[in-house]
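The values are calculated or read from the model by the stated rules, or taken from the named source; none is laboratory data. These numbers come from a predicted model, not from an experiment. So basically every Cβ, Gly included, is an ideal-geometry build from the backbone, and we count neighbours across all protein chains shown. SASA here: full protein model, heavy atoms, side chains in, ligands and nucleic acids out. Shrake-Rupley method; radii C 1.70, N 1.55, O 1.52, S 1.80 Å.
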Amino acid sequence: MTEIPDDHPRAESLRTRHRIEDGVELGITSKQGLIAQGRGEAYDYLLGEETIPSADAAERAAAARLLLADHPVLSVNGNVAALVPGEMVELAEAVDADLEVNLFNRTAERMEAIADHLRDHGAEDVKGLAADARIPGLDHERAKVDEDGIRSADVVVVPLEDGDRAEALAEMGKTEIVVDLNPMSRSAQTAAIPVIDNIVRAVPNMTKHARELRERGASREELEAIVAEFDREEALEAAEKAIRRGELD
Ligand code: PTJ
């Protein structure tokens, strides 16, 4: 792999791209994941490759909502596993959530490779392999979930995916936190808390907020107020505006 100098203006974006490439080579990420990353990069470029204030507010609301949850689950696909494996494990620890592998292009080999990769990054328990329950109304592989994981979760973090499952999970009454750089995607539009940010920035920032709230012993009332104050329409609009304006320095 070509060494990327730190002072390269697009160093972070290029490193992220290499992580996805490595994911494909390790059998973690699907080839379609490369295309999904390209799409995400284009939105991120227009956002200025930064966490805009409305995204930070969404990440704080997401952290508060996860801390309030009875049974939160973080869903992991091939792109998420390649980009933020350790960061997902840290977020799961910070909010006491389960990690569950859920794939669109599901094969036993990829499921195992991703579960192993998460364990290599410190995960103790990885769900998704039992696949002993189904999400009603979905006829593809993403319908396969664990009974004691996504099936019985009250809050699910759904990063980087198409809209079908997001809609089906909403139908089941789950509260969804979607991480997606496209504010117009069906997943983002369906989410109770849409996080319009690159997953490489969003997940560590959610963890930072969760730790801060936990360490200072934020009350249930305070957490509920943070969630109630978050305005999803406003956040979606702010991101779309920033992308359409695309003011680059
Ligand atoms: O690993 P699998 O088999 O479950 O497949 C996963 C992919 C991502 C291939 C599959 O879910 C897919 O095709 O997704 P889409 O329909 O391309 O949607 C992915 C969404 O994630 C798009 O709206 C992208 O803009 C967005 N996205 C891509 N990269 C990032 C991102 N959002 C945040 N951070 C990123 N790094």
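Remarks
- Shown in residue order for the range 131-143 are the 3J(HN,Hα) couplings computed by the Karplus curve 6.51 cos²θ - 1.76 cosθ + 1.60 at θ = phi - 60°: 6, 9, 8, 10, 8, x, x, 10, 10, 10, 4, 5, 5 Hz (x for Gly and Pro).
- Computed extension gain for residue 42 through residue 229, at 0.36 nm per residue and net of the alpha carbon distance, reaches 64.3 nm.
- Highest-first arrangement of 208-219, 53-64, where packing means the average Cβ count within 10 Å: 53-64, 208-219
- Cα-projected label distance for residue 152 with residue 129, points at 7 Å along beta-carbon direction, nm: 1.9 nm
- Anisotropy class of the range 77-210 from Cα gyration tensor, a/c 1.5 cut: rounded
- Ranking 52, 40, 123 by Cα position along the charge dipole of the range 1-132, where only Lys, Arg, Asp and Glu carry charges on their C-beta atoms, puts 40 farthest toward the positive end.
- Probe 1.4 Å - accessible area at residue 148, Å² to nearest ten: 80 Å²
- Counting only Cβ charges, +1 for Lys and Arg and -1 for Asp and Glu, the dipole size of the range 1-142 around its Cα centre is about 580 debye.
- Which of 143, 228, 71, positive extreme of dipole for the chain (C-beta unit charges): 143
- Residue 15 - accessible surface, heavy atoms, 1.4 Å probe, Å² rounded to 10: 80 Å²
- Cα centre as origin, Lys/Arg/Asp/Glu Cβ charges: the chain dipole, Debye: 420 debye
- Each residue of the range 36-41 was assigned a 3J(HN,Hα) from its phi angle through the Karplus expression (A = 6.51, B = -1.76, C = 1.60, θ = phi - 60°), giving 4, 5, x, 5, x, 4 Hz with x at Gly and Pro.
- The range 61-153: C-alpha gyration tensor shape, a/c 1.5 cut-off, then a/b vs b/c: oblate
- Between residue 34 and residue 162, the C-beta separation translates, for a Förster distance of 22 Å, into a calculated FRET efficiency of about 0.90.
- Here the Karplus curve 6.51 cos²θ - 1.76 cosθ + 1.60, taken at θ = phi - 60°, turns the phi angles of the range 185-190 into couplings of 5, 4, 4, 4, 5, 7 Hz, with x standing for Gly and Pro.
- Tensor-based shape of the chain (alpha-carbon gyration tensor, a/c under 1.5 rounded, otherwise prolate or oblate): rounded
- Full extension of the chain segment joining residue 15 with residue 93 gains 25.5 nm, where the gain is 0.36 nm per residue of separation less the Cα-Cα distance.
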